[in-house]
Amino acid sequence: MTSTSACGAHRGLPPGPSLNADTWKASERDLMEHLREFCRTYGPVFTVHAEGRRPRVYVADPQAIQDIFVRHQEDLEGLGPSMFKALVTDRSVAYLNGHVHRKTRHLLGHALEAHDPSLRARTIARIVADESDRLEPGVENPLEHFTNRVTRGVILEITFGRLSSDIHLRVLDSLDRAMTSLHEQQNTPSASCPESGERLPASFSAALADLDRILLLEIVRRRTDETRQDCVVSRLLSSSTATGKLTDQDIALHVKTLLVSGHETTSAALAWALLHLSLNPVVLDALRQEITAELAPEDLLRLPYLNAVCLEVLRHSAPVPNGGAREVVREFHAQGYLFPPGTEIVPAIHLTHQREQTFANACAFAPKRFQGVRYGHSEFLPFGIGPRHCLGATLALQELRIAVAEITRRADLHVVLPRGEIMPISMGPTQRLPKDIAIYRSQPSTIAPRRRTTALNIGSQVHE
């Protein structure tokens, strides 16, 4: 890594490194390791000054998180993930601020509420079972592809209810093409910074046009459907704002926001959970003892150890290692520093979750730390903090718990690990597992391929 030095160009900001454009681009490819080094060097609140970019402050101290993101929330505005703005537009709730942001959050929060929590739990369990059964026996599939299919299926059904198989596949295909195009654009070595307004590829524009057309046609059809299903779209069709009923275009925008934000991070969390269970047979054994065969999906949500396992996954391997960036719009003082307008500030979630002062032996995967202990909102913040807290946090945690339980109590699913160190990869704002971690389904009458097995059920298999 290239050397860094404290920068005093922005007086009053926390200390931190000064990076030229090439160094910053290189650091983005292994951002978490660089942020850990900066944290060790400059302390838990530090500023990264990168050539051509505004200063960005990372905050990994619970008290500082409380002081900045809660007490000074009125001096900040959310920026939203730049990567997805072209897909959902700046009218999406992720990019709104002030009164409009609060009203839109309320609208979507109400639409996401489960009118029948038991039915939602059974829906999630059914989708997990269907995707598990679709795995061809004996064929290794990238684990992230499997978890992505599960979480996309869940958010699509919760949003639209049961769709025809044709519409279901067309929505997922166009969404996948659009997001793949954005990921490829971001990971191109020569890609310029998001603020430069670079031209998006034709493949993205075509996929977006297909997605918009399919969503609008389905929403129009739902307006005249007398047998409305209990789903997000039905609630949005019945919702009103100060200016009247939502238009079809408004609903399509909200649907895209939910589809984009409602599956990638949950998919990554599920993949991390299965990996940790594979690597920790004692934890898996304790979990299996709690998850008995007669438990209905809605009963799984009340299991304390399952909940602790899922919370430890979100702490140990935060799928979103940094929360949503804010921009300072009014100068303020906090923690002995002066934050001028135009500064970006980010809650460093992963670094906060790795603090030994809060989580003893933080590098260990230890679900018991969440049993009988409640951590503060600024100590454990997997879904962010303040008014930008994830809208779908409740759904995401429910989905994670049910999916982990349903997969864990199947004897035919196995996770295959590569040799050597597992290095996470950055996919936009999400930390995902590499594609060489796989899952396969065995036939009940056959023996799994010759591997070194370290766990039952989710057998952790290592490539020879």
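Structure notes:
- Magnitude of the charge dipole, segment 9-95, Cβ model with Lys/Arg +1 and Asp/Glu -1, debye to 20: 120
- Segment 359-416: chymotrypsin sites (Phe, Trp or Tyr not before Pro) in DSSP coil with no more than 16 other Cβ atoms inside 10 Å: TYR375
- Bridge type composition, the chain - antiparallel percent by DSSP, nearest 5: 70
- For trypsin sites (Lys or Arg not before Pro), no site in segment 128-162 is both called loop by DSSP and has at most 10 other Cβ atoms within 10 Å.
- Residue (of PRO62, ALA271, LEU258) at the positive-pole extreme of the chain, dipole from beta-carbon charges: PRO62
- Peptide ranges 45-54, 268-277 listed from the most packed, as the mean C-beta count within 10 angstrom indicates: 268-277, 45-54
- Each label point was placed 7 Å from the Cα along the Cα-to-Cβ direction; for ASP166 and GLN335 their separation is 5.5 nm.
- Only the Cβ atoms of Lys and Arg (+1) and of Asp and Glu (-1) were treated as charged; on that basis the dipole of the chain about its Cα centre amounts to roughly 360 debye.
- Overall, segment 201-295 carries a charge dipole of about 320 debye about its Cα centre when +1 sits on the Cβ of Lys and Arg and -1 on the Cβ of Asp and Glu, all other atoms neutral.
- Where (i) 22.8; (ii) 20.0; (iii) 29.8 are the candidate values, the label of the one calculated here for mean projected area of the Cα convex hull in nm² is (i).
- Filtered GluC sites (Glu not before Pro), segment 341-380: DSSP coil and at most 11 other beta carbons within 10 Å: GLU356
Readers should treat all values here as calculations from the given coordinates under stated rules, not as data from a laboratory. These numbers come from a predicted model, not from an experiment. Glycine also receives a Cβ, built like all others from the backbone with ideal geometry; neighbour counts cover every protein chain displayed.
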